[in-house]
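The numbers here are math on the coordinates, done by the rules we state, and not lab data. Quick caveat, the model's predicted, so the values are computed rather than measured. Cβ: placed from backbone, ideal geometry, glycine included. Neighbour counts: every protein chain shown.
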Amino acid sequence: AQKDLEGGRENFIGVLDIYGFETFDVNSFEQFCINYANEKLQQRFVFHVFKLEQEEYLREGLEWDFVDFYDNQPCIDLIEGPMGILSLLNDECKMPKASDSNWLARLVEKHLNRSPDFSQSKLGARTSFQVRHFAEVVAYTVAGFVEKNCDRVIREHAAIFERTSVSHSLCFLHSSPLICCPLKNCKP
């Protein structure tokens, strides 16, 4: 970053390189996480490029042909809402007999015929669910979701954060059920 000579601000250009939207014959937890990240990036892009700009044009009284854009907020809500896919997955992981099939049953109970972005194919109704993302509908096979979501932070990674001076990182990790070793430096 280079300091702005007049205002003392830092100017920089950031580059974000992530996996693109993924859909395969079999999609699992990894594709779900990648597609969720892309869904959030799409939402941010649409918000800044279309929504905020069009509001600015209105405030300035500029003539403008409004661009009709796809708002993916319902899909985001399905994924991260209070009873969304991730919330139900996290809840299932806390159960003594957590299983992919129990989680899928709860997903179907909460979202089938209630959320326009959630569905099931007739062929994989017992083993998969579908999410309508901004890019396309993706079928996710539930096998392994619960186990992968319960993956523990390994001791070496926790130790790195334990040595940090960034207090919010310590407290975030201290409150996380994923940490497999106690953090000495955090004051909750």
Region 7-125, relative contact order in percent, only Cα pairs under 8 angstrom and at least six apart counted: 15
Can you compute the modelled spin-label distance between L62 and K122, with each label point 7 Å from Cα toward Cβ, in nm? 5.1
Rounded to the nearest Å, what's the spacing between the alpha carbon centres of region 94-164 and region 13-67? Just the number, please. 23
Cross-link table K94/K148; K97/K148; K40/K122; K94/K122; K51/K110, entries beyond 25 Å C-alpha to C-alpha: K40/K122; K94/K122; K51/K110
Which ³J(HN,Hα) values, rounded to whole Hz and listed in residue order, are derived for region 69-83 from phi using the Karplus coefficients 6.51, -1.76 and 1.60 in 6.51 cos²θ - 1.76 cosθ + 1.60 with θ = phi - 60°, glycine and proline given as x? 10, 6, 8, 8, 4, x, 5, 4, 4, 4, 7, 10, x, x, 10
Name the long-range amide H neighbours of S128: under 5 Å, sequence gap of 5 or more, or other chain; modelled H, no Pro or chain starts. V142
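Within the set of other residues whose C-beta is less than 12 Å from the C-beta of P74, count the net charge using Lys and Arg as +1 and Asp and Glu as -1.
Numbers: positive: R114, R132; negative: E39, D71, D77, E80, D117.
The answer is -3.
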Quick check on packing: order 17-26, 106-115 by the mean number of other C-beta atoms within 10 Å, highest mean leading. 106-115, 17-26
Pull up all non-local amide H partners of F118: gap of 5 or more, or a different chain, and H-to-H distance under 5 Å with H placed in the peptide plane. R132
